[in-house]
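In what follows, a single structure is set out as structure tokens and then discussed.
The values are calculated or read from the model by the stated rules, or taken from the named source; none is laboratory data. The structure presented is a predicted model; accordingly, all values stated were derived computationally and were not measured. Glycine gets a Cβ as well: all are built from the backbone with ideal geometry, and neighbour counts include every protein chain shown. Surface accessibility is based on the protein's heavy atoms, side chains included, excluding ligands, DNA and RNA. Shrake-Rupley method; radii C 1.70, N 1.55, O 1.52, S 1.80 Å.
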Amino acid sequence: MEVKCLDEVEELIQILYSPNPPSVYKLAQDRLQTLQKSNEGWQLAQALISSPNTNTKFFAALTLIVKLNKESANLTEDDAKELLQNVVGWLLTSMNDGTANFVLKKLCSALVTHFIYFSQLWPKCLRQLIYCLDIGRSMPVEALDEALQADAVIDSLDARKMWMAIQFATALVEEVGKTEMNSEKYMPVHQRLAGNAADVVSLLQRGLARAEDGCSEIALNCYQAWILYAQRASVDALTAPLRGLVEPAMRCFTVQELFQETAALFTDVLQNYSSFFTDSHYVALFSLIDSPWAVELYNKLRETPDDHDAMSFGLLLLAFGDAKVHQLMTSTEEAPQGLLSRLAGLTAANGHLVGEDNIFVPALEFWCTFVETVVDSSFTDQESSQTWRPYADQHIQNVVINSLRKIRWPPAEVFAEWDSSERAGFGDARKDVADLLQSVFTLNGVRLVSFFVDFFLQSLQSLAWAEAEAAEFCLGALADCVTEAPEFDLEMGRVFSAPFFELLSGFHGQIPLRLRQTSLSLIERYGEFFERHSERLPDALNLLFAAVGDPVLGGPSARSISTLCSSCRAILTGEAQAFITQYKTIRGSQVLDSIAEERIIHAIASIIQAIPQENIRLSTFNELYQIIREDIIRAQQLKHKPALLNLGDPNYARGLESWNNTQPAPEAEEIALQISLRALRCLSNMAKGLQDTKEPSVNLDDEEQPAQVLGPLYLMQTDIFNMMYSVRLNFDRSGEVVEAICNIFRAGFSETVPGPFVFPAEMVTKFFTEQLCWCPSFGTLLSTACSFVGSLYRGPKTNVPSQLSLVAYWAVNSLWILAGYADTEISQNSIVLLDKITGRYPELVFKLPTELLENFFRFTLKVLSEVEPLPKGAAADFWSGLVSLKPDDSSLQATLDNAMGTLGPPLAQSLIDNIGGKAARSELDKLSGLLKKLVMHQPRAQAWLEAALFDQSFPDSQVTPEQKTVFLKKIMSLRGSRLTNQVVREFWLACRGSNFTYAS
Amino acid sequence: MATNSTSFYDLYRHGSLGVSLTDALDDLISAERIDPQLAIKVLNQFDRIVAESLQEKVKSRLTFKGSLDTYRFCDEVWTFLIKNVTFKMENGAHTVQADKVKIVSCSAKRTDEK
């Protein structure tokens, strides 16, 4: 290596550690990597290792690792031995000349990398290194005396050498642990690693005892790494000696500086590998955590839960409890019960949740496990044997009471000081409490509900708002658990009574916002209760409506109104008129949040749907509809006469919702568009609210005529349709308008009973077919047309073919016009649409103009050969359907046979290209489906597939002609059975090569 | 540290995220940007991260009610077949109905780790 080159390298390394633009770093990095990988890399490392600069030394060590990983196969045994001796020598020199620890660690990693590739040369690697450390120079591997007593040598190591040996032992297990344990290549390395266990134990035994010179801390880390490796390896020869170190490690608890590391080690092993400890270890651990010293730490934790030592102790306590939960639960003796009491006490530490008290959430996790264990035992054990149960119940009750106190919202001024993560953490902790309560409910049922109801009513009486809110939250958490049994209704009836409604209606003056929020949410969560107790429903809904205008409570209130009105619609029909009036009043005075408004519209429409008399139903609906209709007309007038804009009027200001105050005010046309969009979304919600909740009756008479919709209903449908159409025309560049209209159509498609949004098929077809393929959101239109076709199939059949012909023509003609410019959504949805029609009415498809149809077939074959997954999947489904068609009509069959004669070979070609490696792995099942159908239904499939397999365009040459022949034979003999998928997958892998077997 | 040594289920590889990740890894291997060993490591990492994230980070809840049709516990795997299921999302946002649902659940800790 020339000096010039070395200087260059050192300069490049300095660039990496100096402030420079990213491009300079990249250039330096690339150049250094090139040098590392060059033939002179070994000499480069050797030359740089003696540099006084630590960064250069680090780079030298790194180069050794890179070279070993890339070129170890090129080294002879003698080269490898010489390299080993050199690296050990460099390590010793660096250790003695005070080189920084991070370089020494990197050199250790280089030695471990050497072990991974040449473990047969120095199977007792740790002993070899200890020996060299002891004598202070690097020795050949042959010089190691087999009979050497490692203990004696380790005893003589000073602190620095001890540190070095432990560091190597840690790197050894961590690096070897990263290699595949079961692979043929690395299995011997793992076996030889295990052969070092006795030396590791000797080393750590002494290391753990040397707290005074700092060796114990790294010995604990090393011990943890070896335990976790032993867990993966599951080798007794490794686990048994490591168990011998538990007691020396436990003694480190008494060393103040080592407490956190020791606690972390034991917590980790208890949590992840509890079977590592023997019974005697558990006895010793229990004595330790039950000692006066531990009680002192526990008390400290309860008082100052943010103290690091105390927190580590708390986690250790919980991990021990978790590992021994069953034994603790079933024991009625004083000591285990004392421990459980202390664990319950962890849910009552000082301070607010998360920000100050970090032990509450982990403690709650333990108690969730405890409760689940009690639940399991209560189902499996005999009741007479459950003498422990009263004790367990008492602990659980204490935890519930502690949790109830903990989840109280802090005073507003405290909450305001919390950062976003503390706030989110508080919310998450409340959810964890909800989880615990749901588990406890399994044990205590109505007693638990009753407890919270009492607590709530007491809090209400004493005007303790935070407590009342916490109790309501807990009751809300149990909403999904309680049944409709009378005892639960009795309890909830005590809540939903006069004091509750007085509270929310402002009887007690201003109450905290959170309490109002939780109260409204409680009404929503117990919707089923109100269904059973309709006499309380008006009170609840009046409260909710009163909160709709509130900027914070409006959203949740509207959601509750929507849920309650939808589920209790039959009871509320008499209130529809009053609700419409209330809605009109609210929107006349303010601009409602659009989502809240849509929910209210949905709620009122749900009630209207349940009105039994058709004339009243229609007239009530019309009243609600007229409000929205006026919005649409107003928006159109505004668009044409911008001077009409008056933002002081809520009817115009509702178009400003999406406007950000920091931007200039939008144009009148934009406001008009927003008003129209809100109106369309309201119509969509109206349509959803009007959907029948009963199961539709199945019409077995295929020939039934569609129900004739006449009179006021037809006029209403026409008016709604015209309104939508006019919005579309007025705002013809808006994709959102198209999407909103599609949502309105969709809501009607699922209905079987005539209604304002169940438009006649002709009307829907007219809308679709008049839209040009360049219109915005054309893909959404096609997707909606697919739903339309599905709805036609569910209804009377008479009118279906004529509508399908029009829709099919519109779709294929659009593709023709787009001529290859169809986006993914259009491609996929147009194919799905034609697939749906071909499946039921193939004759309609084959009656389409020939050039359009040929263009469509070519398009699907092209899509099948491309990479876009969604259109490709749709094309595979389309062809699966087409190749398996068996029409009764002989002329149609002849047409189909004729078409397949032309289309079969390119289809087979595309399919085989995909299976031959072109397709993504995830597409194989779908393509196998098509292949199965092709083989089953097309007599000429074998010839087509064979031609495709041996065609020059076949994507890969990794498979031999024999393999292709075997594949074809297998596919044909399987005759479309499920095993085809496996055969296809194997062939795809064979074509792609062994690089792709990693995920098989 | 536990995460270095603990093995995780590869169940989630069959979900849409896992399938897409495998496709992406295939593409990178085809383009010779990575080798299969790295792809294996990425998938192992994926198994770990999904399991840990679902356990530690996901706080969303849903509840469901339905009629339990069949259940079994075999080789540490619970299987439930539930009919007429209603899923209720958090905060009562919306509900989802299903005629039949199959739930397969494995212990968070594998038997070799207990």
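With respect to the numbered conditions (1) closer than 18 Å to A:Val863 by Cα; (2) in contact with an Asp or Glu (Cβ under 7 Å, 6 or more places away or on another chain); (3) among the β-branched types (Val, Ile, Thr), which one is the sole condition not fulfilled by A:Thr780?
Only one criterion is unmet by A:Thr780, namely (1).
Looking at A:Ala643, is it out of contact with any strand residue (DSSP E or B) (no Cβ under 7 Å at 6 or more places or on another chain), open to solvent by 70 Å² or more (accessible area, probe 1.4 Å) and more than 18 Å from A:Gly588 (Cα to Cα)?
yes
Filter the stretch A:406-422 for residues that are in a helix (DSSP H, G or I) and at pLDDT 90 or above and give the result.
The answer is A:Lys406, and nothing else.
May I ask you to verify whether A:Leu258 is within 14 Å of chain B (Cβ to nearest Cβ), touching a helix residue (DSSP H, G or I) at 6+ places or on another chain (Cβ under 9 Å) and either among the aromatic types (Phe, Trp, Tyr) or crowded, with 18+ Cβ neighbours inside 10 Å (or both)?
no
Could you check the stretch A:966-1000 and list, in sequence order, the residues that are within 14 Å of chain B (Cβ to nearest Cβ) and β-branched (Val, Ile, Thr)?
Correct list: A:Thr997 only.
Here is a yes/no grid of residues against (1) in contact (Cβ under 8 Å) with a residue 24 or more places away in the chain; (2) part of a loop (DSSP other than H, G, I, E, B); (3) touching a Phe, Trp or Tyr at 6+ places or on another chain (Cβ under 8 Å):
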residue: A:Thr267; (1), (2), (3): yes, no, no
residue: A:Ser275; (1), (2), (3): no, no, no
residue: A:Leu285; (1), (2), (3): yes, no, yes
residue: A:Ala294; (1), (2), (3): no, no, yes
residue: A:Arg302; (1), (2), (3): yes, no, no
residue: A:Asp309; (1), (2), (3): yes, no, yes
residue: A:Phe313; (1), (2), (3): yes, no, yes
residue: A:Leu343; (1), (2), (3): yes, no, yes
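What is the residue count in the stretch B:67-82 for residues that are more than 18 Å from B:Asp99 (Cβ to Cβ) and touching a residue at least 24 places away in the same chain (Cβ under 8 Å)?
3
Here are the criteria: (1) at the interface with chain A (Cβ under 9 Å from one of its Cβ atoms); (2) open to solvent by 40 Å² or more (accessible area, probe 1.4 Å); (3) in contact with a helix residue (DSSP H, G or I) (Cβ under 7 Å, 6 or more places away or on another chain); (4) modelled with pLDDT of 90 or more. Tell me which single one B:Thr22 does not satisfy.
With respect to (1) at the interface with chain A (Cβ under 9 Å from one of its Cβ atoms); (2) open to solvent by 40 Å² or more (accessible area, probe 1.4 Å); (3) in contact with a helix residue (DSSP H, G or I) (Cβ under 7 Å, 6 or more places away or on another chain); (4) modelled with pLDDT of 90 or more, B:Thr22 is out only on (2).
Among the listed residues A:Ser953, A:Ser957, A:Ser994, A:Ser973, which satisfies the condition of being at pLDDT 90 or above and among the small types (Gly, Ala, Ser)?
Result: A:Ser973 is the single residue among A:Ser953, A:Ser957, A:Ser994, A:Ser973 that is at pLDDT 90 or above and among the small types (Gly, Ala, Ser).
Any residue at all in the stretch A:392-401 that's out of contact with any strand residue (DSSP E or B) (no Cβ under 6 Å at 6 or more places or on another chain), open to solvent by 30 Å² or more (accessible area, probe 1.4 Å) and more than 23 Å from A:Val440 (Cβ to Cβ)?
No, the stretch A:392-401 contains no residue that is out of contact with any strand residue (DSSP E or B) (no Cβ under 6 Å at 6 or more places or on another chain), open to solvent by 30 Å² or more (accessible area, probe 1.4 Å) and more than 23 Å from A:Val440 (Cβ to Cβ).
What is the number of the single condition among (1) open to solvent by less than 40 Å² (accessible area, probe 1.4 Å); (2) within 26 Å of A:Gly425 (Cβ to Cβ) that A:Asn358 does not meet?
(1) is the only condition that A:Asn358 fails.
Within the stretch A:502-542, which residues are within 14 Å of chain B (Cβ to nearest Cβ), open to solvent by 40 Å² or more (accessible area, probe 1.4 Å) and within 19 Å of A:Ala558 (Cβ to Cβ)?
A:Gln517, A:Ser521, A:Arg525
Within the stretch A:328-337, can one find any residue that is open to solvent by 40 Å² or more (accessible area, probe 1.4 Å), of a type in the set (D, E, K, R), at pLDDT below 90 and not in a helix (DSSP H, G or I)?
yes
Does A:Glu212 meet the test of being away from every other protein chain (no Cβ under 14 Å) and surrounded by fewer than 20 Cβ atoms within 10 Å (Cβ to Cβ)?
Yes.
State all residues of the stretch A:543-577 that are under 38 Å from the mean Cα position of the chain (by Cα), open to solvent by 10 Å² or more (accessible area, probe 1.4 Å) and over 18 Å from A:Ala498 (Cα atoms); if no residue qualifies, say none.
Applying the first criterion (under 38 Å from the mean Cα position of the chain (by Cα)) to the stretch A:543-577 yields A:543-569.
Restricting the remaining residues to those that are open to solvent by 10 Å² or more (accessible area, probe 1.4 Å) gives A:543, A:546, A:549-552, A:555-556, A:559, A:562-563, A:566-567, A:569.
Answer for the stretch A:543-577, where residues must be under 38 Å from the mean Cα position of the chain (by Cα), open to solvent by 10 Å² or more (accessible area, probe 1.4 Å) and over 18 Å from A:Ala498 (Cα atoms): A:Gly549, A:Asp550, A:Pro551, A:Val552, A:Gly555, A:Pro556, A:Arg559, A:Ser562, A:Thr563, A:Ser566, A:Ser567, A:Arg569.
Across the stretch B:29-63, what is the total count of residues that are within 12 Å of chain A (Cβ to nearest Cβ) and either open to solvent by less than 40 Å² (accessible area, probe 1.4 Å) or closer than 22 Å to A:Gly427 by Cα (or both)?
The qualifying residues number 16.
With the stretch A:823-888 as the region, which helices (runs of 4 or more DSSP H) entirely inside it contain at least 3 residues that are under 30 Å from A:Gly917 (Cβ atoms)?
A:824-840, A:850-865, A:869-883
Considering A:Ala466, A:Ala471, which residue is touching a Lys or Arg at 6+ places or on another chain (Cβ under 8 Å), assigned to a helix (DSSP H, G or I) and either open to solvent by less than 30 Å² (accessible area, probe 1.4 Å) or modelled with pLDDT of 85 or more (or both)?
A:Ala466
Given A:Glu487, A:Glu491, A:Glu413, A:Glu422, which one is in contact with a Gly (Cβ under 6 Å, 6 or more places away or on another chain) and open to solvent by 20 Å² or more (accessible area, probe 1.4 Å)?
The conditions single out A:Glu422.
With the checklist (1) in contact (Cβ under 8 Å) with a residue 40 or more places away in the chain; (2) part of a loop (DSSP other than H, G, I, E, B); (3) of a type in the set (Asp, Glu) in hand, flag the one item A:Glu212 doesn't pass.
(1)
Assuming A:Glu184 fulfils every condition listed in (1) more than 13 Å from chain B (Cβ to nearest Cβ); (2) part of a helix (DSSP H, G or I); (3) under 21 Å from A:Asn69 (Cβ atoms) apart from one, which condition is it?
Against the list (1) more than 13 Å from chain B (Cβ to nearest Cβ); (2) part of a helix (DSSP H, G or I); (3) under 21 Å from A:Asn69 (Cβ atoms), A:Glu184 comes up short only on (2).
Scan the stretch A:129-150 for residues that are of a type in the set (Gly, Ala, Ser) and either open to solvent by 60 Å² or more (accessible area, probe 1.4 Å) or more than 18 Å from A:His114 (Cα to Cα) (or both) and jot them down. Give the derivation first.
Of all residues in the stretch A:129-150, those of a type in the set (Gly, Ala, Ser) come to A:136, A:138, A:143, A:147, A:150.
A:Gly136, A:Ala143, A:Ala147, A:Ala150, listed by residue number.
Suppose the filter is at pLDDT 90 or above and either more than 22 Å from A:Cys132 (Cα to Cα) or among the aliphatic types (A, V, I, L, M) (or both); does A:Leu48 pass it?
When the stated conditions are applied, A:Leu48 does not pass them.
Which one is nearest to B:Val19 (Cα to Cα) among residues in the stretch A:900-929 that are open to solvent by less than 10 Å² (accessible area, probe 1.4 Å) and within 13 Å of chain B (Cβ to nearest Cβ)?
Step by step, filter the stretch A:900-929, then rank; the result is A:Leu924.
In the list A:Ser910, A:Ser928, A:Ser957, which residue meets the criterion of being closer than 28 Å to B:Ala39 by Cβ, assigned to a loop (DSSP other than H, G, I, E, B) and of a type in the set (Ser, Thr, Tyr)?
Residue meeting the stated conditions: A:Ser957.
In the stretch A:96-127, which residues are closer than 28 Å to A:Met187 by Cα, open to solvent by 10 Å² or more (accessible area, probe 1.4 Å) and of a type outside the set (D, E, K, R)?
Across the stretch A:96-127, the qualifying residues are A:Ser109, A:Thr113, A:Ile116, A:Tyr117, A:Phe118, A:Gln120, A:Leu121, A:Pro123.
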